[in-house]
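Participant: To start, I am sharing the structure in question, which I have written as structure tokens.
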């Protein structure tokens, strides 16, 4: 009789261990994967930045009306800072921002484009005509552009600002439009705001 009882006790303990392992094995596996098998690369193409909100600064649109960064909150924003003379890289960045917005098709109304025009020169009429819909913000004293993490000696760098006003991604000079579109598409799919 004691042999039958000890078998039942052993079988009961084995069942308890199996039931406990059902809950513990996934936790241990998740811990091991998280701490020992970290991915070495990510799917994003742009450089992720620590989210930093753009502070309001006094700026005006090219037509003279006042501009506030807060007017862009609630939208995803592609931002580029360059002088009004706008060289080849600047024109490419403006073109890339326009094409990326167009490529989002149904979600394009969730995206705005901003050109922070630094310096005192104004963009030519041709630029304004080709890039209609881009906010041309006069920033001669770089009150807004100085807040962007622009690498020294570079201009026409494209940034992505989230709907809460945080600058969170940056692209180097002459980025591939498909890379920006891919990152922005993933952000728009994942975001329920903006």
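The values are calculated or read from the model by the stated rules, or taken from the named source; none is laboratory data. Since this is a predicted model, take the numbers as computed values, not measurements. Methodologically, a virtual Cβ is constructed for each residue, glycine included, from the backbone with ideal geometry; neighbour enumeration extends over all protein chains shown.
Participant: Any chance you could count how many residues in the range 65-74 are touching a residue at least 12 places away in the same chain (Cβ under 8 Å) and assigned to a strand (DSSP E or B)?
Facilitator: Looking only at that region, the number is 1.
Participant: If you don't mind, another one. Residue check, residue 48 against (1) within 30 Å of residue 170 (Cβ to Cβ); (2) without any contact (Cβ under 8 Å) to a residue 12 or more places away in the chain, all met but one. Which one?
Facilitator: Going through (1) within 30 Å of residue 170 (Cβ to Cβ); (2) without any contact (Cβ under 8 Å) to a residue 12 or more places away in the chain one by one, residue 48 breaks only (2).
Let's see how each residue does on (1) surrounded by 20 or more Cβ atoms within 10 Å (Cβ to Cβ); (2) in a helix (DSSP H, G or I); (3) modelled with pLDDT under 90:
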residue	(1), (2), (3)
63	no, no, yes
92	no, yes, no
108	no, yes, no
116	yes, no, no
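Participant: Follow-up. I'd like to know if the range 137-156 contains one or more residues that are assigned by TED's automatic domain parsing to the domain that holds residue 116, closer than 24 Å to residue 105 by Cα and out of contact with any strand residue (DSSP E or B) (no Cβ under 9 Å at 6 or more places or on another chain).
Facilitator: No, that holds for no residue.
Participant: Restricting attention to the range 155-191, report how many residues are in contact with a helix residue (DSSP H, G or I) (Cβ under 9 Å, 6 or more places away or on another chain) and either in a loop (DSSP other than H, G, I, E, B) or modelled with pLDDT under 90 (or both).
Facilitator: 11
To keep it simple, each residue is scored yes or no on (1) in contact with a helix residue (DSSP H, G or I) (Cβ under 9 Å, 6 or more places away or on another chain); (2) modelled with pLDDT under 90; (3) assigned to a helix (DSSP H, G or I).
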{"site": "6", "(1), (2), (3)": "no, yes, yes"}
{"site": "12", "(1), (2), (3)": "no, yes, yes"}
{"site": "20", "(1), (2), (3)": "no, yes, yes"}
{"site": "24", "(1), (2), (3)": "no, no, yes"}
{"site": "33", "(1), (2), (3)": "no, yes, yes"}
{"site": "40", "(1), (2), (3)": "no, yes, no"}
{"site": "45", "(1), (2), (3)": "yes, yes, no"}
{"site": "52", "(1), (2), (3)": "yes, no, no"}
